[in-house]
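Read through the structure below, which is laid out as structure tokens, and then see the notes.
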Amino acid sequence: MTEEDVLDLDTLALVEFGPTGWTKPPDSAQSGPTGWTKSPESAQTSPTGWTKSLDSAQTSPTSQTKSLDSAQISPTSCTKPALRIIDQTKLPGKVEFLLLYDLEEIREAIYLLKVRGAPAIGVAAAIGIYVVAWGIYQDLGPEGEDSFFFRFEAAHSRLAAARPTAVNLSWALNRMNRVLRQHRDRPIPEILILLRQEALAIRDEDIASCRSIGEHGLSLIKDGDGLLTHCNAGQLAAVRYGTALAPIYLGLERGYRFKVYADETRPLLQGARLTAFELERAGVPTVLICDNMASQVMENGWVQAIFVGCDRMAANGDACNKIGTRGLAIIARHYGIPFYVCLPFSTVDLSMSTGKDIPIEERDPTEVSHMWYTAPMAPPGLGIFNPAFDVTDHELITAVVSDRGIARPPYTESLSRLGSQGTGI
């Protein structure tokens, strides 16, 4: 293998470095001599500073076309995998790609919201645990295989604890762990190949899932509608399309024109920094509003539907999402505006009967008092409550838009029916 193998996940990627150190940049539009492109990670470029485009019609410097068939990859030969993400904490001011190689880097990226959004966290965790497993195998000492399995389980637990509310994190890690358990008697190099295949399967399923959510969601709205969304449940929160923004992106592909009102989403401003950023780049007319302005735009008649994402849904349809979602749903009920929760069915946790069972992550108080300010904006020593999520009562939700179809009340019955179509949690 003479160049890296990159399997693009749009905002997420599995990157594998070959012995020549060739790398594929995130921005393939920056073309260089003979079809090679400039890498933003200068430390990982070729000797000429240019990297190879993944156009399958092009060849490597040795005139060998690289196969992307995962069965052709040997995790124990000459590849060095990494998880590539966009650092979302730097947006919108700077688009910076990170290459993550070890457990603590990946855990920190999830905890610090460098990668965030329920589907994206799941995909990142799946790729991340494969990357970690590869590194564990390279480091095996005299204790051999027993050490590999012990360290994999420890890494699984460490990553799962990074964001306890986001069920897709544990869901993806459990899928990867299931592969390990089912094939424990096989040689570790074979297990690594199977882990890699499972991680890429989770990625591919996410793309198909989000597109399906978009198709179902698009059936609920019409060209010219005004739409309101909270936090960020778009492409940055998934591999492609997103969840709550998927109907908007599919509509854009088909010539629909929507006007989107994006809540800024305090305290981390995901609506301002991420949703407005990606919609504006996509050419979708977008208006940024403070969270407490939502009732006014509804009163003005500018909003025909509300789409939000979800980090975990209970069996009765209670939806845990970014803090502020419940208040938005209450206001929407007052104005008679449909309130839709969009999610892949992997986000539905049928083991939890109601939203009261969902653990709510509380985050650093300085996210409220210090972040985004040149000086603290609250008196020192003041008590600060900073839950990352709230739970919207199922009675406030017009419909749940999933990749398996649209669920309507009573959700205990409709979600159960959708769950019977495949494997949920």
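Every number in this text was worked out from the coordinates using simple rules, so none of it is lab data. All values reported here derive from a predicted model rather than from experimental measurement. With ideal geometry, Cβ positions are generated from the backbone for all residues, glycine too; neighbour counts draw on all protein chains shown.
Can you give the extra length, in nm with one decimal, that the chain gains between E190 and E367 once fully stretched, where that is 0.36 nm per residue apart less the Cα-Cα distance? Don't skip to the answer; put the middle values down first.
Values: separation 177, 0.36 × 177 = 63.72 nm, distance 4.39 nm.
The E190-E367 span can extend by a further 59.3 nm.
Evaluate E = 1/(1 + (r/R0)^6) for Q197 and R257, where r is the Cβ-Cβ distance and R0 equals 56 Å; express this FRET efficiency to the nearest 0.05.
The calculated FRET efficiency here is 0.85.
Binning every alpha carbon pair distance of the stretch 209-419 at 5 Å from zero, what are the percents per bin?
The calculated distribution, bin by bin, is 1, 8, 16, 20, 21, 16, 10, 5, 2, 1, 0.
5 Å is the cut-off here: which amide hydrogens, built 1.01 Å from N in the peptide plane, fall below it relative to T392, excluding neighbours closer than 5 in sequence?
Those lying under 5 Å, H to H, from T392 are A319, C320, N321.
Would you order T347, T265 from fewest to most other beta-carbon atoms within 10 Å of each residue's own beta-carbon? Please list the in-between numbers first.
Values: T347 30, T265 23.
Starting with the residue having the fewest Cβ neighbours, the order is T265, T347.
What is the distance in Å between the Cα centroid of the stretch 112-132 and that of the stretch 323-345?
Answer, in whole Å: 27.
Projecting each Cα onto the charge dipole of the stretch 209-419 (Lys/Arg +1, Asp/Glu -1 at the beta carbon, about the Cα centre), which of V348, N292, S402 comes out farthest on the positive side?
About the Cα centre, the residue reaching furthest to the positive side is S402.
I want to check the label-to-label distance for Q182 and W302. Put each point 7 Å from Cα in the C-beta direction and report it in nm to one decimal.
With each label point 7 Å from Cα toward Cβ, the separation is 5.0 nm.
If each residue of separation counts as 0.36 nm, what is the full-extension length gain between D223 and E96 once their alpha-carbon separation is subtracted?
Here the segment from D223 to E96 would lengthen by 42.3 nm.
Please report the relative contact order for the stretch 209-419, taking Cα pairs under 8 Å with a sequence separation of at least 6, and give it as a percent rounded to a whole number.
In percent, rounded to a whole number, it is 22.
Normalise the Cα radius of gyration of the stretch 96-164 by 2.2 N^0.38 Å (N = residues in it) and let me know the number.
Values: Rg = 12.5 Å, N = 69, 2.2 N^0.38 = 11.0 Å.
Rg over 2.2 N^0.38 Å, computed on Cα atoms: 1.13.
What do you get for trypsin sites (Lys or Arg not before Pro) in the stretch 230-282 restricted to DSSP loop and a cutoff of at most 15 other Cβ within 10 Å of the site's Cβ?
Within the stretch 230-282, the qualifying trypsin sites (Lys or Arg not before Pro) (loop, at most 15 other Cβ atoms within 10 Å) are R254, R257.
Ranked by Cβ crowding within 10 angstrom, fewest neighbours first, how are Y130, Y111 ordered?
Y111, Y130
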